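First the structure, in the form of structure tokens, and then the observations on it.
The values are calculated or read from the model by the stated rules, or taken from the named source; none is laboratory data. Since we're looking at a predicted model, the values are computed, not measured. Here the Cβ positions follow ideal geometry from the backbone for every residue, glycine too, while neighbour counts run over all protein chains shown.
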């Protein structure tokens, strides 16, 4: 009996230690974009997000109520605090999803919710998040998608107060009212107008998909197949795009989904195409790779499930990241061919 108790105690100790380590590895992101119901819902559907909690932040009043915040009597904003696993999804990817959920040019509120409490803001939790948030705001400003200036503020995170239980997971509890609200407010119409028929930052699965293995064996060269399907690596300095300086975008050779842009490409000296960030972060999947007796972050495509390369934290500003990608995983689309090849939405990046 004593041995059994010792074993049980030891097992519980190990379990609690693992949970503590897991908790330490999780990170937080806090975003405001108008009604928190509409910001919480899309993030909860993303792999790597542990939780998304609606609440209030940015003000001075302690433990405010919904009635107080929604009336504008406090300086708090409706916001959502996200707890996520950085091994599964990056802060950069969360930002990509965030910008697609609201109108960042509206300084007076959000759609038909008016007032400071419904304005937008990114609340950063550390200097790294601050730099990425500011860089993403500049990128959105330069993208040409919006006719007006981006007014979303980048602010240091302060105390976050979870909203009342009734507001959590509202899209699940009251789906009919939630959907009527989204449609009636004009939010969905605005998102479709600016971003096309992509919801919550996720590209439609019907547009990009992976062909059968048999088709890929016929379509791809032996090197392309080995790299994308068997996690191979091409030789440095002896590949198609390592020194490509033309303007355009890079898409998955397997599925065609957009991945990287020449606007984020830099000379790394490694002999492989290198990028500071993805063009469409929602199409990038990061996985832990423990092969070759080391731990690295593998980069794969979302819909094609192609092995692309690896992600390192030795890149230049503003992200400090280096997406080291195999040319054999990519197809290059020059700017003058974007329209005719179905990637016209990216033309404003180069104008």
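One line per residue, one yes/no per condition, for (1) closer than 18 Å to residue 151 by Cα; (2) within 14 Å of the chain's Cα centre (by Cα); (3) in a helix (DSSP H, G or I):
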site: 59; (1), (2), (3): no, no, no
site: 69; (1), (2), (3): no, no, yes
site: 73; (1), (2), (3): no, no, no
site: 83; (1), (2), (3): no, yes, no
site: 88; (1), (2), (3): no, yes, no
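Is there a residue being in contact with a helix residue (DSSP H, G or I) (Cβ under 6 Å, 6 or more places away or on another chain), assigned by TED's automatic domain parsing to the domain that holds residue 335 and over 21 Å from residue 283 (Cβ atoms) anywhere in region 240-250? There is no residue in region 240-250 that is in contact with a helix residue (DSSP H, G or I) (Cβ under 6 Å, 6 or more places away or on another chain), assigned by TED's automatic domain parsing to the domain that holds residue 335 and over 21 Å from residue 283 (Cβ atoms).
Within region 168-183, can you find the residues that are part of a helix (DSSP H, G or I), touching a residue at least 40 places away in the same chain (Cβ under 8 Å) and over 30 Å from residue 347 (Cβ atoms)? Matches in region 168-183: 170, 171, 178, 181.
Listed here are the residues, each with its yes/no results for (1) free of Cβ contacts under 8 Å to residues at least 24 places away in the same chain; (2) buried (at least 18 other Cβ atoms within 10 Å of the Cβ); (3) out of contact with any helix residue (DSSP H, G or I) (no Cβ under 9 Å at 6 or more places or on another chain).
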residue	(1), (2), (3)
94	no, yes, no
97	no, yes, no
102	no, yes, no
111	no, yes, no
114	yes, no, yes
128	no, no, no
132	no, yes, no
155	no, no, yes
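Among what's in region 265-290 and is in a loop (DSSP other than H, G, I, E, B) and in contact with a helix residue (DSSP H, G or I) (Cβ under 8 Å, 6 or more places away or on another chain), pick the residue that is surrounded by the most Cβ atoms within 10 Å (Cβ to Cβ). In this case the residue turns out to be 273.
Scanning region 326-351 for residues that are over 24 Å from the mean Cα position of the chain (by Cα) and in a helix (DSSP H, G or I) yields 328, 335, 336, 337.
Condition check ((1) surrounded by fewer than 21 Cβ atoms within 10 Å (Cβ to Cβ); (2) out of contact with any strand residue (DSSP E or B) (no Cβ under 7 Å at 6 or more places or on another chain)) across all residues:
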residue: 263; (1), (2): yes, yes
residue: 292; (1), (2): yes, yes
residue: 302; (1), (2): no, no
residue: 306; (1), (2): no, no
residue: 311; (1), (2): no, no
residue: 326; (1), (2): no, no
residue: 331; (1), (2): yes, no
residue: 349; (1), (2): no, no
